[in-house]
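A short write-up of the structure that comes next.
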Amino acid sequence: MTQVSTKTEQPSFTASVDDRIVEWFVKDKDEIIKRLVNKGFERRDVIERARELGLSEQFLKKCSHGNPDVAMRVCLGCSERFLSVGVQNRLCPRCRNRS
Ligand SMILES: [Zn+2]
(Lines give C-alpha, C1' and ligand atoms only; values in the text may rest on other atoms or scores of the structure.)
Protein backbone atom coordinates (compact mmCIF):
# COMPACT_ATOMS: atom_id res chain seq x y z
CA MET A 1 0.00 0.00 0.00
CA THR A 2 1.27 3.45 -0.83
CA GLN A 3 -1.12 5.52 1.17
CA VAL A 4 0.42 8.67 2.51
CA SER A 5 -1.14 10.13 5.57
CA THR A 6 -0.93 13.84 6.14
CA LYS A 7 -2.20 13.54 9.66
CA THR A 8 0.01 12.76 12.59
CA GLU A 9 0.61 9.08 12.63
CA GLN A 10 -2.38 7.19 13.88
CA PRO A 11 -2.10 3.58 14.94
CA SER A 12 -4.15 1.19 12.88
CA PHE A 13 -6.38 -1.63 13.99
CA THR A 14 -4.19 -4.62 13.36
CA ALA A 15 -5.19 -8.19 14.05
CA SER A 16 -3.53 -8.11 17.45
CA VAL A 17 -5.27 -4.87 18.34
CA ASP A 18 -8.58 -6.48 17.38
CA ASP A 19 -7.75 -9.33 19.74
CA ARG A 20 -7.16 -6.82 22.54
CA ILE A 21 -10.48 -5.13 21.82
CA VAL A 22 -12.35 -8.44 21.99
CA GLU A 23 -10.62 -9.26 25.26
CA TRP A 24 -11.46 -5.85 26.63
CA PHE A 25 -15.09 -6.03 25.64
CA VAL A 26 -15.73 -9.58 26.81
CA LYS A 27 -13.79 -9.41 30.04
CA ASP A 28 -14.52 -5.77 30.72
CA LYS A 29 -10.91 -4.98 31.47
CA ASP A 30 -10.39 -1.28 31.80
CA GLU A 31 -6.63 -1.59 31.70
CA ILE A 32 -6.78 -2.86 28.13
CA ILE A 33 -8.52 0.22 26.81
CA LYS A 34 -6.15 2.35 28.85
CA ARG A 35 -3.25 0.62 27.13
CA LEU A 36 -4.83 1.21 23.71
CA VAL A 37 -5.38 4.86 24.51
CA ASN A 38 -1.74 5.10 25.55
CA LYS A 39 -0.80 3.70 22.15
CA GLY A 40 -2.60 6.58 20.51
CA PHE A 41 -6.06 5.17 19.91
CA GLU A 42 -9.10 7.27 20.59
CA ARG A 43 -11.43 5.62 23.07
CA ARG A 44 -14.28 6.49 20.73
CA ASP A 45 -12.57 4.77 17.80
CA VAL A 46 -11.96 1.65 19.86
CA ILE A 47 -15.64 1.48 20.79
CA GLU A 48 -16.61 1.98 17.16
CA ARG A 49 -14.19 -0.74 16.11
CA ALA A 50 -15.66 -3.07 18.70
CA ARG A 51 -19.05 -2.50 17.12
CA GLU A 52 -17.65 -3.21 13.67
CA LEU A 53 -16.28 -6.50 14.92
CA GLY A 54 -19.74 -7.47 16.10
CA LEU A 55 -19.33 -6.72 19.79
CA SER A 56 -22.51 -5.47 21.36
CA GLU A 57 -24.55 -5.72 24.53
CA GLN A 58 -26.74 -8.24 22.78
CA PHE A 59 -23.72 -10.29 21.84
CA LEU A 60 -22.47 -10.27 25.41
CA LYS A 61 -25.82 -11.47 26.69
CA LYS A 62 -25.66 -14.36 24.27
CA CYS A 63 -22.19 -15.22 25.58
CA SER A 64 -23.02 -14.97 29.26
CA HIS A 65 -25.05 -18.16 29.26
CA GLY A 66 -22.88 -20.16 26.94
CA ASN A 67 -19.23 -20.80 26.45
CA PRO A 68 -17.33 -17.58 26.88
CA ASP A 69 -14.43 -18.59 24.66
CA VAL A 70 -14.81 -15.50 22.51
CA ALA A 71 -11.98 -14.60 20.17
CA MET A 72 -11.21 -13.43 16.67
CA ARG A 73 -10.88 -16.59 14.56
CA VAL A 74 -10.26 -17.25 10.89
CA CYS A 75 -13.34 -18.36 9.00
CA LEU A 76 -12.98 -21.76 7.33
CA GLY A 77 -15.16 -20.56 4.47
CA CYS A 78 -13.63 -17.26 3.43
CA SER A 79 -10.46 -16.98 5.55
CA GLU A 80 -11.62 -13.67 6.98
CA ARG A 81 -11.22 -13.06 10.67
CA PHE A 82 -14.47 -12.82 12.52
CA LEU A 83 -15.81 -12.77 16.05
CA SER A 84 -16.14 -16.39 17.11
CA VAL A 85 -17.90 -17.51 20.28
CA GLY A 86 -15.95 -20.76 20.64
CA VAL A 87 -13.51 -23.12 18.99
CA GLN A 88 -16.38 -24.98 17.34
CA ASN A 89 -17.61 -21.74 15.78
CA ARG A 90 -15.44 -21.54 12.67
CA LEU A 91 -17.72 -19.98 10.05
CA CYS A 92 -18.39 -16.27 9.91
CA PRO A 93 -22.04 -15.16 9.90
CA ARG A 94 -21.88 -14.51 6.17
CA CYS A 95 -20.69 -18.02 5.34
CA ARG A 96 -23.09 -19.58 7.80
CA ASN A 97 -26.02 -17.88 6.13
CA ARG A 98 -24.81 -19.00 2.73
CA SER A 99 -24.76 -22.71 3.53
ZN1 LIG B 1 -16.62 -16.58 6.05
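The figures follow:
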item	result
Tally, over the stretch 19-39, of residues that are surrounded by fewer than 19 Cβ atoms within 10 Å (Cβ to Cβ) and part of a helix (DSSP H, G or I)	11
Restricting the stretch 90-99 to residues that are in a helix (DSSP H, G or I) and within 9 Å of the ligand (Cβ to nearest atom), the residue that is surrounded by the most Cβ atoms within 10 Å (Cβ to Cβ)	C95
Residue match in the stretch 82-89 (condition: closer than 17 Å to D28 by Cβ and either more than 8 Å from the ligand (Cβ to nearest atom) or modelled with pLDDT of 95 or more (or both))	yes
Subset of the stretch 67-81 [part of a loop (DSSP other than H, G, I, E, B), within 15 Å of the ligand (Cβ to nearest atom) and in contact (Cβ under 8 Å) with a residue 12 or more places away in the chain]	C75, L76, G77, C78, E80
Single residue of the stretch 58-81 satisfying the filter (at pLDDT 90 or above, under 15 Å from the mean Cα position of the chain (by Cα) and more than 13 Å from F25 (Cβ to Cβ)) that is surrounded by the fewest Cβ atoms within 10 Å (Cβ to Cβ)	E80
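The values are calculated or read from the model by the stated rules, or taken from the named source; none is laboratory data. All values reported here derive from a predicted model rather than from experimental measurement. Every residue, glycine among them, receives a Cβ derived from its backbone with ideal geometry; neighbour counts consider all protein chains shown.
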